[in-house]
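FYI, it's all coordinate maths here, none of it is from the lab. Since the structure is predicted, the reported quantities are computational estimates derived from the model, not experimental observations. Positions of Cβ are generated from backbone atoms using ideal geometry, with glycine treated the same way; all protein chains shown enter the neighbour counts.
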Amino acid sequence: MNFTRRKILLGATAAAALGPIAARAQTSEVVIGVIYPFSGASAQMGVDAQKSFETALDIINKDHDFDLPLAKGEGLPGLGGARIRLVFADHQADPQKGRAETERLITQEKVCAVVGTYQSAVAVTVSQICERYQIPFISADNSSPSLHKRGLKFYFRAAPHDEMFSAAMFNFFDAMRKKGTKIDTLSLFHEDTISVPIPPTPSSSWPPIADTRSSPTSSIAPILRRCRRKCSSSRRRTPTC
């Protein structure tokens, strides 16, 4: 297997997520469900995620001389060398398909945990099923802050959420303005599979925000052109979308 710098970095992140999950299963084989969109407009996200998790799988299950978690030695040392097996499922960016596939992973594939899902709307239904069956769900890359505010015991977030991204964005813009950079208009570009309110600007000194929402698509060029038009028109008014 050929390793690239990108695969190793992504694999290290995935390995850090997979290791603690596997530790709860006392068996020679630990089965983990990985649910992403592998078909439709968002399929590339699933393809990239699968490569990352397969890299992590190789790092954990085989002996590698890498300075990475669980790289040295074969399998999981805390479970006597037990190996991880991943079962991939395609939710097709559909929350109801995600619900059905998660239940199949738990009841038929007998997974001990589920990882996913890219779209936050799919994470809502997937996490509900995991909660019902008391199976840990690792919200690997969902960004909606509402997901971790529902009081679920088996929901775990391993990545930043939108509130953190927004704070970092405005902190960056503030730093740029202090250096003399002029910022006339801001445009938010995000998918709309889950309700995402337009965040208020930190102060009245900030220019209006042009909000551009997008459903899953294979090309962002038309959306970027719409962003530019909205940014241009919003210099005198706050656009309504």
Under 5 Å, built H, 5+ apart or other chain: amide partners of Val87: Ile32, Gly33, Val34
Difference of contour (0.36 nm per residue) and Cα-Cα distance, Glu103 to Asp65: 9.9 nm
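Relative to the present Cα-Cα distance, how much length would full extension add between Ile220 and Gln50 at 0.36 nm per residue of separation?
Values: separation 170, 0.36 × 170 = 61.20 nm, distance 2.25 nm.
Stretched out fully, the Ile220 to Gln50 stretch lengthens by 58.9 nm.
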Gln134-Ala175 pseudo-label distance in nm [points 7 Å out on the Cα-to-Cβ vector]: 4.6 nm
Karplus 3J(HN,Hα) series, Hz, for the stretch 101-113 with 6.51 cos²θ - 1.76 cosθ + 1.60 (x for Gly, Pro): 5, 5, 5, 5, 4, 6, 7, 9, 7, 6, 6, 9, 6
Listed pairs Lys149/Lys182; Lys62/Lys149; Lys110/Lys149; Lys149/Lys178; Lys51/Lys97; Lys72/Lys97 exceeding 31 Å between Cα atoms: Lys149/Lys182; Lys62/Lys149; Lys149/Lys178; Lys72/Lys97
Between the stretch 41-66 and the stretch 80-105, the alpha-carbon center distance in angstrom: 15 Å
Square roots of five times the Cα gyration tensor eigenvalues for the stretch 148-187, Å: 33, 9, 6
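In nm, what is the difference between 0.36 nm times the number of residues separating Phe154 and Arg228 and their Cα-Cα distance? Numbers along the way, then the final one.
Values: separation 74, 0.36 × 74 = 26.64 nm, distance 4.15 nm.
Result: 22.5 nm gained on full extension.
Rounded to the nearest 0.05, what FRET efficiency is calculated for Lys110 and Ser166 with R0 set to 41 Å and r the Cβ-Cβ distance?
Working: r = 40 Å, r/R0 = 0.96.
That pair, Lys110 with Ser166, gives E of 0.55.
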